[in-house]
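Q: Here you go, one structure.
No value in this document is a laboratory result; all are computed from the given coordinates. Since the structure is predicted, the reported quantities are computational estimates derived from the model, not experimental observations.
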Amino acid sequence: MKYQNKGLVLLALLSMFVSGCTHLGSTQQQVVDAYVQVAGQVSLGMDKAQVKQILSPSQQGLEHRQLKQPDQYKEGQMLVKILYFRSGWQPDGITTDDEFTPYVFNDDVLVAIGWATLDGPKTQGQARPRQNIYRTTVLRPAAVILQ
């Protein structure tokens, strides 16, 4: 009886852990789905405020570590800003450039969308087949293992 209770507690803790991992993945997938729904509303020539108004709501629910911080630099007298919006997700546990779409602004006017003008993403995720994300684990009470 004593070992059965420990097994049940262990099973409950494991199911809470798996639920937490599933929630994280589903949040990221929901963000990607929301981005896909609105990305077509953005076009070159829009100002930065308009682009953020359209795309920022799609990114709600992401944690700080799941975002890519903006870049900016001067090119002559022109200020170039690059905003990144999560547009993809790999369940590999790391956040990489290829999971984002860059939006390039010259003096707050959108002049490019995507990695082509930036020579491609610097980091890429490790794609894994979805069916191998979780392994089935059979838990046995400690009494069974000791025999």
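Q: For Leu79, what residues show an amide H to amide H distance below 5 Å, using hydrogens built from the backbone and excluding near sequence neighbours?
A: Under 5 Å from the amide H of Leu79: Asp107.
Q: Which aspartates and glutamates, if any, have their Cα less than 17 Å from the Cα of Lys81, not counting same-chain residues under 8 positions apart?
A: List returned: Asp47, Asp71, Asp97, Asp107, Asp108, Asp119.
Q: State the extension gain, in nm to one decimal, for the chain segment bounded by His64 and Gln90, taking 0.36 nm per residue of separation less the distance between their alpha-carbons.
A: Result: 7.7 nm gained on full extension.
Q: Taking amide H positions as placed in the peptide plane 1.01 Å from N, state which residues far from Met46 in sequence (5 or more) or on other chains have amide H under 5 Å from it.
A: Leu110
Q: Let me ask something additional. For Ser87, enumerate residues with amide H under 5 Å from its amide H, sequence gap 5+ or separate chain, H modeled in the peptide plane.
A: Distant-sequence amide H within range of Ser87: Phe100, Thr101.
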